[in-house]
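Peer 1: Okay, handing you the structure first.
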Amino acid sequence: MSSDNAYVPPRVWKWERASGGQFASINRPVAGPTHDQALPVGEHPFQLYSLATPNGVKVTVMFEELLALGHRQAEYDAWLIRIAEGEQFGSGFVAVNPNSKIPALMDHSTSPPTRVFESGAILLYLAEKFGEFLPRDPAGRTEALNWLFWQMGSAPYLGGGFGHFYAYAPTKIEYAIDRFAMEAKRQLDVLDRRLAESRYLGGEAYTIADIANWPWYGQLALGRLYEAGEFLQVETYEHVQRWAREIDARPAVTRGRMVNRTFGEPEEQLHERHAASDFDTDTQDKLVPRR
């Protein structure tokens, strides 16, 4: 590993706006709104403000799964937040999530409306509200929550660590990529060992633990994340592969992946979702967004 031009940290760090990188224009060391921008509000109890990143997909999958079970009260409007354009720093969004990260949710079925932010908190909130995808027995509930919170603590090393330095950083840094590739593979091994002994992460039932982990690790295993499948040899994680494919085949997951998606194949994109009729079905029973 080369040590030429080694970086020496200054005594006091200063924010350099021209730091480069794909997200340089929206990353900043302070919080709070940058501009006034009200959020739209639709007709349904739940108003979701999001983008189809892995964290956003968790919540749209959860809503679609609840609706698939017949919970009509789980109807939702999903509004697109264009993070590359800084819409997460609008005053309305910051009022819902002071951390300025998607997804953010408002539940208008309560008085006053309840704000919920952080994807794991949203999954837990919805699971408890509807009594679904979270076991009621203490042992099963605890095991599902173990893996929910494992994901919340681990995925930043996959996304902000490996994903950033491998896919987005303006300069490829050998040490950083090696360090986080090692951690990404360790995490895949953790999951593979668990899934060797259990159908799903929480046990034999599909839970919010799977809904939280699949958009990150399932899509990584399926070669959809960072184009890093070959680099990380994801095909070698046999049990993760089995789990990833099984969840990928769920119709609600197919729908959830499409919502607030602005990238990839056009037929996989549904920029906003306001009704079940926003999804059409062609003769091959493949979900296609309405034009």
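The values are calculated or read from the model by the stated rules, or taken from the named source; none is laboratory data. Since the structure is predicted, the reported quantities are computational estimates derived from the model, not experimental observations. Don't worry about glycine lacking a Cβ; one is built from the backbone with ideal geometry, like all the others, and counts go over all protein chains shown.
Peer 1: Is there a residue being in a loop (DSSP other than H, G, I, E, B), in contact (Cβ under 8 Å) with a residue 24 or more places away in the chain and of a type in the set (D, E, K, R) anywhere in the range 218-226?
Peer 2: No: zero hits.
Peer 1: May I ask you to list the residues in the range 114-150 that are part of a strand (DSSP E or B) and not basic (K, R)?
Peer 2: Those that are part of a strand (DSSP E or B) and not basic (K, R): T114, V116, F117.
Peer 1: Do the conditions hold for A95, that is, is it part of a helix (DSSP H, G or I), crowded, with 19+ Cβ neighbours inside 10 Å and among the small types (G, A, S)?
Peer 2: no
Peer 1: Related question: Every residue in the range 98-113 that is over 10 Å from F46 (Cα atoms) and in a strand (DSSP E or B), please.
Peer 2: The one that is over 10 Å from F46 (Cα atoms) and in a strand (DSSP E or B): A104.
Peer 1: Separate question: For D107, which of the numbered conditions (1) surrounded by 17 or more Cβ atoms within 10 Å (Cβ to Cβ); (2) under 30 Å from A184 (Cβ atoms); (3) not small (G, A, S) fails to hold?
Peer 2: (2)
Peer 1: Looking at the range 219-258, which of the residues that are out of contact with any helix residue (DSSP H, G or I) (no Cβ under 6 Å at 6 or more places or on another chain) and of a type in the set (S, T, N, Q) is nearest to K185 (Cα to Cα)?
Peer 2: Q233
Peer 1: Only one of A155, A209, A184, A176 is touching a residue at least 24 places away in the same chain (Cβ under 8 Å), more than 25 Å from L126 (Cα to Cα) and either assigned to a helix (DSSP H, G or I) or among the β-branched types (V, I, T) (or both); which?
Peer 2: One residue alone meets the criteria, A184.
Peer 1: Just wondering, is there one or more residues in the range 38-54 that are of a type in the set (D, E), part of a helix (DSSP H, G or I) and at pLDDT 95 or above?
Peer 2: Taking every residue of the range 38-54 in turn, none turns out to be of a type in the set (D, E), part of a helix (DSSP H, G or I) and at pLDDT 95 or above.
Peer 1: Among L123, L201, which is the only one that is farther than 26 Å from E235 by Cβ, crowded, with 20+ Cβ neighbours inside 10 Å and in contact with a helix residue (DSSP H, G or I) (Cβ under 7 Å, 6 or more places away or on another chain)?
Peer 2: The match here is L123.
Peer 1: Still on this structure, I have one more. Got a number for residues in the range 158-173 being of a type in the set (S, T, Y) and assigned to a helix (DSSP H, G or I)?
Peer 2: Residues meeting the conditions: 2.
Peer 1: Follow-up question, since we're still on this one. Mind listing just one residue for me: the one in the range 133-189 that is hydroxyl-bearing (S, T, Y) and buried (at least 16 other Cβ atoms within 10 Å of the Cβ) and, of those, nearest to R224 (Cα to Cα)?
Peer 2: Y166
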